[in-house]
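The structure appears below as structure tokens.
The values are calculated or read from the model by the stated rules, or taken from the named source; none is laboratory data. Values in this document were obtained by computation on a predicted structure and should not be read as measured data. Please note: Cβ atoms are built from the backbone with ideal geometry, for glycine as well, and neighbour counts cover all protein chains shown. Side chains are part of the model used for accessible areas, which takes the heavy atoms of the whole protein and leaves out ligands, DNA and RNA. Shrake-Rupley method; radii C 1.70, N 1.55, O 1.52, S 1.80 Å.
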Amino acid sequence: MMNRLRYITALSAVLISPLLMSAEEKPQKATEQEHKKPTKEELLSPENIARISESYGHFVFKSLENPVLKLNFDSVIKGMNDAKAGKPTPMTEQEYEEAISNIQEISFQEMSTKNMKQAEEFMAKNAKEPGVVELEKGKLQYKVLQPGTGEEVTELTMPVLHYTGKYLDGTMFGNSYESGEPISINLHHTIPGFRQGVMGMKVGEKRRLFIHPDLGYGTSGQLLPNALLIFDIEVTKVEPASKEDEASDDEDDSDGDISDDDSDGDETADDDSSDDDSDDDRDDDDGEDTK
């Protein structure tokens, strides 16, 4: 139940921040954005507090937008004004939490069933499209968008790549291009569909993967439950896996996820990019790592 409850608040977050930014990229990006720090007076000035408050309002509104629970915006504002005025809340904290949990549980199940049906129908139809190669019947397909001629991705290598991740309706949930640099991924830390789909790609190749929920996140993680995942992958470099990586690969082999933690995830295929919680969650799944 807690996993599903976290899912509600996590869904909007995955649309706000890039899914897979490697640990090495974060400090680099922070360095690029370094600038002179404002003084205490500047930070606490009425003008700056007003800007922060207005921005906070924008983030709060974004957090209200999720496909599971459609909140009434006017009622949210009324509740805030009533709280400010000291008026009693219409529900206790326990009643509120129970109501949210029950609604989420119903919505989660309905969405899971609907998404699975759409995924099954799409994979069956897509298998007949020109240029589509089926690696696992009804579960994993790919289409080469641009051939490559360089080194090939194998079990003993770590690909450096760019990717975009989308749902069936075209909504994007992850994009490495936003960080400006390709990312290095240990494929044994990704969901099975991502790992299998990237294996065999050559440097310079661009490939589109179609991943059934059974080889993706299924009903775990931060993405929509049982969503079919579409990844566009561009391999820019292939590096040899370090002994450390190979050792961790052996341990993760049982899971085989791209980040296959049960957690919330973004969802690059690499779980390390998502928060620690998400990684732990995905690891609970059977080798569903992300990408």
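List of remarks:
- Given (1) open to solvent by 10 Å² or more (accessible area, probe 1.4 Å); (2) of a type outside the set (Phe, Trp, Tyr); (3) under 16 Å from Gln118 (Cα atoms), number of the condition Ser184 does not satisfy: (3)
Matching residues to (1) within 26 Å of Phe194 (Cα to Cα); (2) open to solvent by 70 Å² or more (accessible area, probe 1.4 Å); (3) aromatic (Phe, Trp, Tyr):
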| residue | (1), (2), (3) |
| --- | --- |
| Gly79 | no, no, no |
| Gly86 | no, no, no |
| Glu120 | yes, yes, no |
| Lys137 | yes, yes, no |
| Leu145 | yes, yes, no |
| Leu161 | yes, no, no |
| Ser176 | yes, no, no |
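- Neighbours by Cβ (under 7 Å, 6+ apart or cross-chain): first from region 86-109, under 29 Å from Pro225 (Cα atoms); second open to solvent by 100 Å² or more (accessible area, probe 1.4 Å): Ser101/Met1
- Residue within region 195-209 that is closer than 24 Å to Pro240 by Cα, part of a helix (DSSP H, G or I) and aliphatic (A, V, I, L, M) present: yes
- Matching residues in region 53-86 - criterion: being over 29 Å from Leu43 (Cα atoms) and among the aliphatic types (A, V, I, L, M): Val68, Leu69, Leu71
- The lone exception for Lys128 - which of (1) open to solvent by less than 70 Å² (accessible area, probe 1.4 Å); (2) more than 24 Å from Ile183 (Cα to Cα) it fails: (1)
- In summary, Gly86 fulfils each of the numbered conditions (1) closer than 26 Å to Ile211 by Cβ; (2) more than 22 Å from the chain's Cα centre (by Cα) with the single exception of condition (1).
- The lone exception for Glu54 - which of (1) open to solvent by 100 Å² or more (accessible area, probe 1.4 Å); (2) modelled with pLDDT of 95 or more it fails: (2)
- Number of positions in region 201-214 that are touching a strand residue (DSSP E or B) at 6+ places or on another chain (Cβ under 6 Å) and open to solvent by 20 Å² or more (accessible area, probe 1.4 Å): 4
- Qualifying positions in region 120-144 - closer than 19 Å to Tyr163 by Cα and either at pLDDT below 95 or polar (S, T, N, Q) (or both): Gln141
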